[in-house]
């Protein structure tokens, strides 16, 4: 079977952009399988684009092609590229930080810049500059690759993997009496916050399920949360509306307010300005 | 052909949860047909989950598998289950009230608790507690069932249908001079409200299309609406912005404000606190 | 292969309407390919429905069937119809203005009124008036057409193409020293505004990429924007947050605030009340 195409963008479904982009894909090859990853990534947020790929990619069959279009694209000469990961996935994306986590945690074997002379849609009424890269470039090129019309080599010239644009990823630090990390992403629906502390590191620092942990959160220099909270295996162990620590779905340490929204109720968010400190017993 | 998988959750598309869940399904079997029922159910609202299944299920082919994941899951020992309806549909869901309407109005022939030792996804990096049941349990088990990897019997042990957790369903009452019901659900997009009064009952109480009906709505003990309004077969018979009574798409009595939003314009909502009374001619 | 079905509605995914409608389609024919164009069109906005079809239709394979359900339907005796375009597309829609752009710019070869006696879903529990035309009429009829159960002729009786209901489309005017148009639609996600001025007309009026253009916007009689702004081939040429002119994805002249939302930041919107004037060099 042909590889599936999984799309993630910040286009939303509020107008006709997705509809036009999918039309191009189906015009290249009617038999291609299109899946909505999401079209509601935060606008222009290449960090979230990168994180969501990382969060979900490994659950897909190995030849799946991800089309990620979050493309502030301004004032930059960002490349349009297709990256092949070590496990055999493909990502079609602007090279603008969207590949950060895939490069760091999954490994990129090879990356190619899309040759727009052959892998960009041209139509009679489209010879002039057209500004919708999601439709004419990323979607079109991905469809040609999935369909087998072009090989990975025919995407365009390879360039050094080292040149891929990356966001900085902050790692947690273990001290004698505590572990310090940041909130690196949120769950914007349920309001949970995910730290950059892997479960494995948390365990090595000496924390165990069932512990009541002194937890302090700083926004810049200001202390914004300071409480003793439980580290549970399941939300069902906590009282409603209590704040708890848990192991999230990609095996990093998260915090949640049970049946509540931790972000809005405690005025928290993610990013390097939010430091979280867990003190040892 | 293999059964289709129709998903309804409260996950939204704001982050990578749906994308990861669908990846698991497609990793079980690339050929499975995934359909978005909705991912925008009101958060933690098992009543809505139950109602939306009831509203749409009967329009699908008889072997369709519905995966419904609204799972407050807190403080409870709710079962994860697969229910088989009398008509031959399957519902994969937490047993937490989400099966209320299906059980009452469509009939459940058999229900089985998912055996997590065989029907939960385990990965090398996933041996620890993972908290995303939509992906690792409900999605994974549903895909195995749809694909034919497991039979319904292999889902896990059957338990008595009587033990299925149900919300209370209120029925309307006919009096000499009136019929009394509640608003049991809304249309959160257009703002219509649907009562618990079946068309058949309304007719038996003596109401007919074309009637102008004295209608009173109470919120708790307070009268919040009192007017004479028409009962029409079609929105096109009413003046714009007028409030009218109609027979909704599942043959229950509804109320609408034409080209308006009855809920917001009259500050109404659904639930047992909203009593609606229609007086006979 | 059977034609694909592309849906666009104003239903949203907040309740079970889409889920029920798609169930009807799959009950007609399990093998049909359903694609979400969008379910987030502005409520009751047949102009947007018309525009989004126009914006995306030509990117699809020629036999694709579009199901467009934005149906204020009030106080009118609007027809339910299937239109066949000159290029071979089909649109299943209320005839209420939703076909305006398709008729004007793509050409309609033939239009037929849906015969509800044969192309409306009837069920045992559905003999009474049912008010959900998206599910029982448009979705059902489109599925029968896509599946080959009915031919285009069997949709129902043809009626004169001239009778199709149209919104007025305003055209731009070239003067000695300027060109005047309106904003005819927006991009509600990124906040860009699209004029009714085709690229070709703009060029004929003498404007070129790279020009700094004196631009004035009027809301009714009030001047609401007056600045000299650049006409660029790409967002990447402009400074962040600057307002610029560009050639949009369907070769009309647009305006954008780079990495910003022009609509909200300058309190602008689309419609005939918004006149935009570009002055020549």
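Filtered by the rule that a residue be within 14 Å of chain C (Cβ to nearest Cβ) and touching a residue at least 40 places away in the same chain (Cβ under 8 Å), the stretch A:67-93 gives A:69, A:70, A:71, A:73, A:78, A:79, A:80. Answer yes or no: is there a residue in the stretch C:196-207 that is in a strand (DSSP E or B), under 17 Å from the mean Cα position of the chain (by Cα) and over 30 Å from residue C:78 (Cα atoms). Within the stretch C:196-207, one or more residues are in a strand (DSSP E or B), under 17 Å from the mean Cα position of the chain (by Cα) and over 30 Å from residue C:78 (Cα atoms).
The single condition among (1) exposed (fewer than 14 other Cβ atoms within 10 Å of the Cβ); (2) part of a strand (DSSP E or B); (3) in contact (Cβ under 8 Å) with a residue 40 or more places away in the chain that residue C:228 does not meet is (3).
Looking across the stretch C:257-275, just one residue is at the interface with chain A (Cβ under 9 Å from one of its Cβ atoms) and in contact with a strand residue (DSSP E or B) (Cβ under 8 Å, 6 or more places away or on another chain), and that is C:258. Name the single residue that is nearest to the other protein chains (Cβ to nearest Cβ) among those in the stretch A:37-64 being touching a helix residue (DSSP H, G or I) at 6+ places or on another chain (Cβ under 7 Å), free of Cβ contacts under 8 Å to residues at least 40 places away in the same chain and assigned to a loop (DSSP other than H, G, I, E, B). This residue is A:39.
When each of C:91, C:67 is tested for being at pLDDT 95 or above, more than 30 Å from residue B:2 (Cβ to Cβ) and assigned to a strand (DSSP E or B), the lone residue that passes is C:91.
Regarding the stretch A:231-247, can at least one residue be identified that is more than 14 Å from chain B (Cβ to nearest Cβ) and at negative phi? Quick ask: steps written out before the conclusion?
Looking only at the stretch A:231-247, we keep the residues that are more than 14 Å from chain B (Cβ to nearest Cβ), and these are none.
For the stretch A:231-247, residues more than 14 Å from chain B (Cβ to nearest Cβ) and at negative phi: absent.
Is it true that residue B:26 is outside the structural domain of residue B:189 (by TED's automatic domain parsing), surrounded by fewer than 20 Cβ atoms within 10 Å (Cβ to Cβ) and modelled with pLDDT of 95 or more? Break it down into steps so the answer makes sense when it comes.
Values: outside the structural domain of residue B:189 (by TED's automatic domain parsing): yes; surrounded by fewer than 20 Cβ atoms within 10 Å (Cβ to Cβ): no; modelled with pLDDT of 95 or more: yes.
No: the conditions fail for residue B:26.
A count restricted to the stretch B:1-22 and to residues that are in contact (Cβ under 8 Å) with a residue 40 or more places away in the chain, at the interface with another protein chain (Cβ under 7 Å from one of its Cβ atoms) and within 17 Å of residue A:6 (Cα to Cα) stands at 2.
Tell me which residues, restricted to the stretch B:165-187, are over 26 Å from the mean Cα position of the chain (by Cα) and not in a loop (DSSP other than H, G, I, E, B). Quick ask: steps written out before the conclusion?
Step one: list which residues in the stretch B:165-187 are over 26 Å from the mean Cα position of the chain (by Cα), which gives B:175-178.
The one that is over 26 Å from the mean Cα position of the chain (by Cα) and not in a loop (DSSP other than H, G, I, E, B): B:178.
Is it the case that residue A:138 is buried (at least 20 other Cβ atoms within 10 Å of the Cβ), more than 13 Å from every other protein chain (Cβ to nearest Cβ), within 24 Å of the chain's Cα centre (by Cα) and outside any strand (DSSP E or B)? Yes. Considering C:250, C:245, C:213, C:217, the condition of being under 23 Å from the mean Cα position of the chain (by Cα), in contact (Cβ under 8 Å) with a residue 60 or more places away in the chain and surrounded by 13 or more Cβ atoms within 10 Å (Cβ to Cβ) is satisfied by C:250 alone.
When the test is whether a residue is within 22 Å of residue A:21 (Cβ to Cβ) and outside any loop (DSSP other than H, G, I, E, B), residue C:162 does not pass it.
The values are calculated or read from the model by the stated rules, or taken from the named source; none is laboratory data. Everything quoted here is computed from the prediction, not taken from an experiment. When we count neighbours, we look across all protein chains shown, and the Cβ atoms used for this are built from the backbone with ideal geometry, even at glycine.
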